[in-house]
Amino acid sequence: MTALPMRRARSGDFLPPLVVFVTVLVVWEVTFTILEVPAFLIPRPSAIWTSLLNEWPTLSKGILYTASEALGGLALGVGFGTLAGFAASRWATARQTLVPLGTAMSAVPIIALAPIMINWFGFESQLPRVAIVGLMTFFPTMVNSVRGLASVDAAALELMASYAATERDVLRRLRIPSALPYWFTALRISVTLAVIGAVVGEFFGGPRYAIGIYVTDSAGNFRFENAWAAIVLACALGIVVYLAAVALERIVMPWQRRREAAAAA
């Protein structure tokens, strides 16, 4: 398949969801206008858009603040989760210690943990939300890293052993390339969890312009258009970070893209 048909095929993949998205917005706007649905249930898209424009100075500041928490916690959780995955796949003692610990950390509810951590670090400190995001993203990264590093074909390991390859060579040439698809799967999961964790953590503390606080304050004061505008912006942040993770995957794993192109040919 040549480059031009491939580009057309990719653009065609985006067309159906775009049509569905626009259709839903139009039906939403027209139906809610005709039925006169109250704004406290769900505001119309036009009202949300107007609120987004009017509140942009505050919302833009808030989304940058929330994004810094989400990305900081994401880097923390993915970084330590990857290191823990390497340790757990290399040493049995580390695996017996880290896997149960990671499982226990993943079972802790955010709503129960957030107010306690805010009391520890302070009401307006970013550390509680960064720590919450780090805890949420640590477990999927560690588990997928362990699975990927252990998924090497036994025949490939025997071949490397026949060449007298060192543990470093096996790690660099076999285990890491084998673990990359699993690791990027964990990254795609973690980027969405990071935004959710940052916003939910802000329900319990933070500056008034932070997205989580802004949503609760706006809903409590019956400014539902403002609350929905902040929610839409948080969704946009999650989508942008997710697309960045997908783009990074294509850069780091170009062979995966070639396989997909060959399969589509």
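The values are calculated or read from the model by the stated rules, or taken from the named source; none is laboratory data. Note that this is a predicted model, so its numbers are computed, not measured. When we count neighbours, we look across all protein chains shown, and the Cβ atoms used for this are built from the backbone with ideal geometry, even at glycine. What goes into the accessible areas is simple: the full protein's heavy atoms, side chains included, and nothing from ligands, DNA or RNA. Shrake-Rupley method; radii C 1.70, N 1.55, O 1.52, S 1.80 Å.
Per-residue ellipticity at 222 nm computed for the chain from its helices equals -28000 deg cm²/dmol, with DSSP H segments shorter than 4 residues left out and the rest contributing -39,500 (n - 2.57).
Principal axis extents of the C-alpha atoms in the chain (largest first, rounded to whole Å): 74, 56, 28.
Just order 60-66, 135-141, 200-206, 24-30 by mean Cβ neighbour count inside 10 Å, highest at the front, would you?
135-141, 200-206, 60-66, 24-30
A simple spin-label model places the labels of residue 35 and residue 154 5.9 nm from each other, with each point 7 Å out along Cα-to-Cβ. Normalised by 2.2 N^0.38 Å, with N the number of residues, the alpha-carbon radius of gyration of the range 122-225 equals 1.66. Relative contact order, whole percent, for the chain stands at 25, derived from Cα pairs under 8 Å and 6 or more residues apart. In the chain, a dipole from Cβ-located charges (positive for Lys and Arg, negative for Asp and Glu) runs towards its positive end, and of 57, 25, 170 it is 170 whose Cα lies farthest in that direction. Just 122, 72, 85 to compare: in a GNM of the chain, with alpha carbon springs under 10 Å, which one fluctuates most? Looking only at 122, 72, 85, the biggest GNM fluctuation is shown by 122.
Applying 0.36 nm per residue to the separation of residue 222 and residue 116 and subtracting their alpha-carbon distance, the gain on full extension is 35.3 nm. Accessible area per residue for the chain, computed on protein heavy atoms with a 1.4 Å probe, is 58 Å².
Can you give me the angle between helix 211-220 and the longest principal axis of the chain, using Cα atoms only, in degrees from 0 to 90, rounded to the nearest 10? Tilt of helix 211-220: around 30 degrees. Once the Cα-Cα distance is subtracted from the 0.36 nm per residue extended length, the residue 251 to residue 58 segment shows a gain of 66.0 nm.
Across the accessible surface of the chain, with the other protein chains kept in place and a 1.4 Å probe, carbon and sulfur atoms take up 70 percent.
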